[in-house]
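Note sheet for the following structure.
The values are calculated or read from the model by the stated rules, or taken from the named source; none is laboratory data. Since the model is a prediction, treat every value here as computed from it, not as a measurement. For neighbour counting, all protein chains shown are included, and Cβ atoms are generated from backbone atoms with ideal geometry for every residue, glycine included.
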Amino acid sequence: MPEGQRVIVVMPAYNAAQTLEKTYNDLPRDIVDEIILVDDVSQDETVEIARRLGLKVVIHVQNTGYGGNQKTCYLEALKDGADVVVMLHPDYQYDSTLVPELIHPILAGEADLVLGSRVLGGGTLAGGMPVYKYLSNRFLTLVENLAFRKRLSEYHTGFRAYSRRFLETVPFLLNSDRFVFDSEILAQAVAFDFEITEIAVPTRYFDEASSVGLKDGIVYGLQTLSVVCRYLLNSLGILESDQFQKRLSEIISRYHSPTIFRQEVES
Ligand SMILES: Nc1nc2c(ncn2[C@@H]2O[C@H](COP(=O)(O)OP(=O)(O)OP(=O)(O)O)[C@@H](O)[C@H]2O)c(=O)[nH]1
Ligand SMILES: [Mg+2]
């Protein structure tokens, strides 16, 4: 809507019945053109609530995981003509009143990827982030900043905005179906040389806002380190990786391309 740009919010949802309506109510509707919720076979009333709220609902046949869910989210948003895509967890963990601030750098043409940083916001621990998650976040961020030659305050937020140009370029369909998808897409942003920026957002932790425990957290951390290694090996030319080299148009069936890409793709 702002400046003729179509803003679509996507929600990767899994058992979000307790928090979906609150998250929706905080969204500034005047700047959001469409909200898409992708349900990953929730066992609760997520789909019924989303339908009552009037969201566009896409239902997975089978549970794929958080990354798999995002793949559907972005494909749907591109098909629906998004210029800017906001990823918002329906677990009320992020302050959706801040969507205008989050998308501003993209609308202004200053960035293609914006991160809502809880570290930049300060009060990360006071907001309830468990100490072990905070320390791992700081450690992984340090490693990622060194590898990517950036100075971002955190890479592990789930509140992000992407430009259409970005989502039409990076081959995000090659990423994991698990939580590490979020780390992979950032490494792709660096590999494809997109401008990344961040805004400060508050930290909010409560029971329903987190399903990632110690075990999943460790898996996520180790997989993130492996993404960083793959990125470095690729950028040094030691081990080339399609994930950091192929464009989305090169990995998509040409029969689907016209519905996903705005410009015709040269083959
Ligand atoms: N599709 C899918 N989505 C999931 C799954 N588990 C969680 N989600 C969604 O992904 C979002 C993030 O999950 P969380 O468990 O809160 O993880 P997180 O926010 O990355 O980590 P925390 O910082 O611990 O909260 C939530 O909005 C869930 O609805 C899953 O198995 N499949
Ligand atoms: Mg969460």
Only one of R262, R230, R254 is of a type in the set (D, E, K, R) and surrounded by 14 or more Cβ atoms within 10 Å (Cβ to Cβ), namely R230
Pairs returned, first residue in the stretch 44-61 that is under 16 Å from E76 (Cβ atoms), second residue that is small (G, A, S) and modelled with pLDDT of 95 or more, beta-carbon separation under 6 angstrom, 6 or more apart or interchain, are V57/A50
Condition set away from ligand 1 (no atom under 16 Å from the Cβ) and either of a type outside the set (A, V, I, L, M, F, W, C) or touching a residue at least 60 places away in the same chain (Cβ under 8 Å) (or both), scope the stretch 175-196, selection surrounded by the fewest Cβ atoms within 10 Å (Cβ to Cβ): answer is D193
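Table: residues versus (1) at negative phi; (2) at pLDDT 95 or above; (3) out of contact with any His (no Cβ under 8 Å at 6 or more places or on another chain); (4) of a type in the set (A, V, I, L, M, F, W, C).
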residue: G65; (1), (2), (3), (4): no, yes, yes, no
residue: A82; (1), (2), (3), (4): yes, yes, yes, yes
residue: P105; (1), (2), (3), (4): yes, yes, yes, no
residue: L140; (1), (2), (3), (4): yes, yes, no, yes
residue: T169; (1), (2), (3), (4): yes, yes, yes, no
residue: F172; (1), (2), (3), (4): yes, yes, yes, yes
All-but-one check, R165 against (1) away from ligand 2 (no atom under 16 Å from the Cβ); (2) basic (K, R); (3) assigned to a loop (DSSP other than H, G, I, E, B), failing number (3)
### Message
Considering only the stretch 200-223, I want to know if a residue exists there that is under 14 Å from the mean Cα position of the chain (by Cα) and in contact (Cβ under 8 Å) with a residue 40 or more places away in the chain.
### Response
no
Heads up, the helices (runs of 4 or more DSSP H) in the stretch 201-267 (entirely inside) with at least 2 residues that are out of contact with any strand residue (DSSP E or B) (no Cβ under 8 Å at 6 or more places or on another chain) and within 30 Å of T97 (Cβ to Cβ) are 214-235
